[in-house]
Amino acid sequence: MEDIYCSHPKAFLRTSTPESVSLSNSFYERRSSSFIRSLSPYWPLLSGEGIWTTLLALVALALGLYHLGMPSLWFDEFLSVSRASQSLPTLWRIITTSQPNMMLYYLLLHVWLRLTALMGFLPTEAIVRLPSTCCAALAVALVYLLARRFFSRFLACCAALLYLVSNLQLFYAQDARAYGLQLLFLTLGWYALLTALQRPERWRRWLPCYVLAMTLAVYVHFFSLLILGAQGGRCLACSYCRRPGARQRAACCVRWR
């Protein structure tokens, strides 16, 4: 029996021999398997800790977006927008001479405003505050992952939720200033540092991440230098606790799960 070829796939299945039907079925199976393999990088977000991390980040993003554009810009936010709206040479001259603090945030906000302008969006309250909201949501996810390294899932969720509903955190999530971005880099820096300290075999991976995160945090806000002091104290405490005969090693160095 000869196959009758039709342009429509269903017509092909109806008018083909059993051999051609099996070939067609194998073709669709290969297509579906290739589609599933293309989604494989996203499976960690849908299983295990990825579910809770994604859920907490989405809750934080929803709370940050709630009435994001309702309060009008206040003085410091006007200052951020006015500086970021300048031309790039003018902005660079400002942040390298008289206003070096928050330089990285001003540069990122400048790029964000230029990008949204190309898409036809005006620099409204919601637009200029949206980067801070996204940074706050990512920081909540990192707080959960950091707590999960040391404690149970329940305690990690409690820590992330306590950070999430903090009045100061909610304020920074809807503020067109550098503090949301600063908290994101500081949380990432702590995560990378504690991972490098507690897992010495992974220090080659996490130490560059720590250096990069804390360098960016300093360029976002100079007060991040105070956190560097606290992290230096943590490293000294760990080095002391690892000395032979140290009695307080268990209290200083928390074992990872």
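Every read-out reported here was derived from the displayed coordinates using simple, explicitly stated rules and does not represent laboratory data. Since the model is a prediction, treat every value here as computed from it, not as a measurement. Heads up, the Cβs are rebuilt from the backbone with ideal geometry, glycines too, and the neighbour counts pull from every protein chain shown.
Values for this structure:
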{"read-out": "Spatial separation of Cα centroids for region 141-209 and region 69-109, in angstrom", "value": "26"}
{"read-out": "R0 of 41 Å, Cβ-Cβ distance LEU170-ARG114: FRET efficiency to nearest 0.05", "value": "0.90"}
{"read-out": "Inter-label distance, nm, simple model (7 Å from Cα along the C-beta direction), VAL59/ILE94", "value": "3.8"}
{"read-out": "Separation of the ASP76 and ALA230 label points, Cα + 7 Å toward Cβ, nm", "value": "1.8"}
{"read-out": "Sorted by Cβ neighbour density within 10 Å, fewest at the top, the residues LEU216, LEU164", "value": "LEU216, LEU164"}
{"read-out": "Ranked by how many other beta carbons lie within 10 Å on average, peptides 100-110, 224-234 from highest", "value": "100-110, 224-234"}
{"read-out": "Length released on extending from TRP203 to PHE121, taking residue separation times 0.36 nm less the Cα-Cα span", "value": "25.2 nm"}
